[in-house]
1. Please list, ordered by first then second residue, the pairs with beta carbon atoms under 9 Å, 6 or more apart or interchain, first in region B:511-539 and over 20 Å from B:Asn423 (Cα atoms) and assigned to a loop (DSSP other than H, G, I, E, B), second open to solvent by 40 Å² or more (accessible area, probe 1.4 Å) and aliphatic (A, V, I, L, M).
2. Could you go through region A:270-279 and let me know if any residue there is part of a loop (DSSP other than H, G, I, E, B) and under 23 Å from B:Phe85 (Cα atoms).
3. Quick test for you: out of B:Arg398, B:Arg393, B:Arg418, B:Arg362, pick the one residue that is touching a His at 6+ places or on another chain (Cβ under 8 Å) and basic (Lys, Arg).
4. Only one of C:Lys11, C:Lys55, C:Lys21 is farther than 24 Å from B:Arg166 by Cβ and without any contact (Cβ under 8 Å) to a residue 24 or more places away in the chain. Can you tell me which?
5. Name the single residue that is surrounded by the most Cβ atoms within 10 Å (Cβ to Cβ) among those in region B:313-364 being assigned to a helix (DSSP H, G or I), at the interface with chain A (Cβ under 7 Å from one of its Cβ atoms) and not aliphatic (A, V, I, L, M).
6. Within region B:401-429, how many residues are within 11 Å of another protein chain (Cβ to nearest Cβ), open to solvent by 10 Å² or more (accessible area, probe 1.4 Å) and more than 13 Å from the chain's Cα centre (by Cα)?
7. Return the total of residues in region C:1-47 being open to solvent by 20 Å² or more (accessible area, probe 1.4 Å), under 24 Å from A:Met196 (Cβ atoms) and at pLDDT 90 or above.
8. With a cut-off of at least 3 residues that are among the hydrophobic types (A, V, I, L, M, F, W, C), name the helices (runs of 4 or more DSSP H) lying wholly within region A:132-225.
Amino acid sequence: MKAIYSLFLVFALILLAMIGAGTLGMEYLFGVIIPYLAVLAFVVGFMLKVIGWGKSAVPFRITSTCGQAKSFPWIKENKLENPSSTWGVIGRMFFEVFLFRSLFRNTKVEIHDGQRIAYSSSKWLWLFAILFHYTFLVIVLRHMRFFTEPVPYPFVLLDRLDGMLQIGAPVLYISSLIILAALFYLLLRRLLIPSMRYISLPSDYFPLFLIIGVVITGILMRYFLKTDIMAIKELSMGLVTFRPVTPEGIGVIFFIHLFLVSVLLFYFPISKLMHMGGVFLSPTRNMTGNTRMVRHVNPWNYPVKVHTYDAYEDEFREKMVEAGLPVVKPLEEKSENAENKE
Amino acid sequence: MAIQKPDTMFKNIDHKPPRKDWMDVPADIKPGRYCYAAGPEPLEYVGMPNPRKWDPLDKDWKLPENWENTIITGMKERLEKYRSFKIFMDICVRCGACADKCHYFIGSGDPKNMPVLRAELLRSIYRGELTTAGQILGRFAGGRKLTEEVLKEIWYYYYQCSECRRCSIFCPYGIDQAEITIIGRELLNLIGLNIGWIAQPVANCYRTGNHLGIQPHAFKDMLEFFCDDIEEIYGIKPEPTFNKVGADILFVTPSGDVFADPGTYTCMGYLILFHYLKEEYGLDITWSTYASEGGNFGLFTSHEMMKRLNAKMYMEAKRLGVKWILGGECGHMWRVIHQYMDTMNGPADFLEMPISPITGTRFENASSTKMVHIVEFTADLIKNGKLNLNKSRNANVRATYHDSCNPARGMGFFDEPRYVLNNVIDTFHEMPQGTTKEQTFCCGGGSGLNAGENEEIRMMGGLPRANAVKFVHDKHDVNMLSCICAIDRATLTAMVDYWVPGVQVCGVHELVGNALILPGEHERETDLRGETLPGKEEE
Amino acid sequence: MNLDKLIKEKKTQILKLWILKFTNTYPEESAQFFRGGPGQFANPVGHTFRSNLDKIFDELFMEYDSKKMQGLVDPIVRIRAVQGFDPSEAVCFVPMLKQSVWEICGKEVTRQDHISEWLDFIERLELLTYTSFDVYMRCREQLWKQKAEFTNSRTHKLLEKANLLKKAGE
């Protein structure tokens, strides 16, 4: 049900763009105004969210330690999994952000023939997650040739590499295939594995369908419903140079594509997609694990009520003396000031 | 013929109700899985809100007026005070990497024991009550309102999380369910929803210095009772000092070591070691009756309570004028010491840089907090050849080692205990990879859940650990599960007794105590448990 | 062909159905995990069910060895005994085997010349039921014993006797 709602929502968005940009001819709205607003919402929303996180205090150093801590010189420290220095933290974050280290940890241990232990891995999630994220990045970068003139060499090169299979005309992008495969893997595991279905929310399906929508409209535009590339480039260059134009002859499919991307940008800052920013700020990963060595300061540390030794001795003095335990004040006197203190 | 009508007998469990969203399935509080509620006395003693007598099985939980507001305001406040909480509420993508990593889920199969869902219980409230999208879109944005049903569900499942952090190491964003549980319980405590097994120890610890409410004279009696036992075995009686002003080092250990088997044997191990160091090197280590608890059930209550209980250690060290503090074998105690203590109650500028007076080793890794783990302390003594050890007195022992959750994932304390073990016993076998070190499984009773009444969930939660123990027991005939945590020693004992009979549980320093040769001791017939040593059987 | 041999030949199918039925006593989300989640150590419940039901199946067609059978039943029942099931539910894997065999080889079973063998097979299953209940009771008794001992730990009792405890709030 949750998936179907989300799917319908994406269809509704497509329909909206078809009617708006196609039937009603509001090309300026869909080609210029909405994209501008979307980028604005994305940038401002993203920044506000990150600033919001940044404003929250980090009272304690709660690093998850996944390796041997810094100890004696004769014990080998795991500098990446339990960093004691800033460089270690940078290394740890690099592996986490760029290689999805924690997802990779998913090893499964099996016993074969009753004796031999084998460590197989169940890394499909890691594999498809990393494929998805990197191809997404490649696709975003590849699109830069629409926003630059002349197109800088790295983008040209990327474009060539992506199309190196040399199949069809225009040539097939490898990234188109990979991202579709990865997206469908991520979608299917949510739909088919009962536990995944149970934990999934509409807000898990919606971005998946939305991105699938973006990818499919993109592919349709490139391979099947040919659009006027030059006109599109004119539009996109107009956008980045702040001289927006809506040239004739751009198919409605382009406006659908652009509208879905705009929705994605609007949706990004208020959704789970913010994990892109949040991963850098996660206190269990981006801090050192050497809290006993370097003191961490809590900005809102406040005094608390404690039970003092004096109050304790007052209560038990008689028994302590009887048992031969040393006391500060002799039996007769009751210490002043023995109340619990702040 | 009856047999031609299959699947009728067990219809009640085989029959699947129409699939419902998890938000529509209220918690069914089952005996054996929940702990009894906290009574009014301990809450009153430490000044926690809403003390009263209540029962989780009752419909009416006697919540204070306007409790919803208290929780929501409390959440808002904590979102500002803890970046961890704010981020963990915002960025989960529900990828499911953590889902099958929780020992309670693995053992029970209750879907709400999947860490992601445990977090979602609270996250759904955050979205539904505190984010604009959730307030407008409600369920479509994954939000829901805080109702009494939802509150009960959160209570039930947040006291089925042992804050072991295993899920957090598999999370691509480092979302730590322990942190969410800690804050979730803190919120529950704002309206008086604690469990007795946590609240009573907290109050006791506050008043008498330890969980059980052992009064000072009784604490001393207990340790002297152990010294008598040691005298019977070694012919030598250790003479510990108490509350001694001017001692070199203050020693603090969980009170579980003083009162509960088999921790008591570990405690004897400490006494033997300290006696040895006093005789051989003149080291003066003192015990405190005031700060007689290393364990800190405040961690399972609220950050503030954690701080209030932890404060005693530095206060006592300051009063006694010791150089630094030595800490016993305990799991969550060391999480508090390693990651919270200095921040909360430091700086410990009245103490000295911890240097072993015997080996001269500087404990650089403890240079700010000035508290040293007894296992690293002993490891250093062994490395420098300062201990006279005889492994053969542990010849009965074929050990494996259980990495306790907190020293593992809250410290990274892996090689020190293994080094000590390898120097005091002959036979040591690791459990399979994936169940040790940072991936270690909880004993099933951490974070104040080692009560009597929730035995079933403890057993289910302990199964993954037990299963790995069973493997080395069957394969290598391992008969001893060593660990460095007092809750482990209490919980694992019952747990392996059920799942892997034939395996016992011990602390690392029990084995040290067995192996250590005291100057002038008589020949030993038994180990600390009174079990006859090989070759010493009576003819 | 005799019935035993026939049932043994269909082992794969029967076992699959048997495990399916048995794991369906859990919520769908975890049933799948117990059925398919790999790993002897990552998924002890699932692994125990799968491997021990398999072995019990084989054992049913061998010379009856009560000790061996108990050893195979024990790990399964031990798990079920702490999962909050009623006693009959905890050991329901036995009738479920009967049902599975019936569903896979029902036609063959009703053949006149197989009736006596079928009765024999049922009898073996009954024996298995008794064994399971024995194990179940042992497990529960052990849990209760632990509960009793929990409040009576050696030294704690000692302290109480000597009236040395003072609980906060008393």
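The values are calculated or read from the model by the stated rules, or taken from the named source; none is laboratory data. Predicted model only: the values in this text are computed from it and were never measured. Don't worry about glycine lacking a Cβ; one is built from the backbone with ideal geometry, like all the others, and counts go over all protein chains shown. Calculation scope for accessible area: heavy atoms of the full protein, side chains included, ligands and nucleic acids excluded. Shrake-Rupley method; radii C 1.70, N 1.55, O 1.52, S 1.80 Å.
1. B:Gly535/B:Ala395
2. Yes, region A:270-279 contains a residue that is part of a loop (DSSP other than H, G, I, E, B) and under 23 Å from B:Phe85 (Cα atoms).
3. None of the other options fit; the residue is B:Arg398.
4. After applying the criteria, what remains is C:Lys55.
5. Filtering first and then ranking leaves B:His338.
6. Of the residues in that region, 3 qualify.
7. Looking only at that region, the number is 5.
8. Fully inside region A:132-225 and qualifying: A:153-162, A:174-192, A:202-219.
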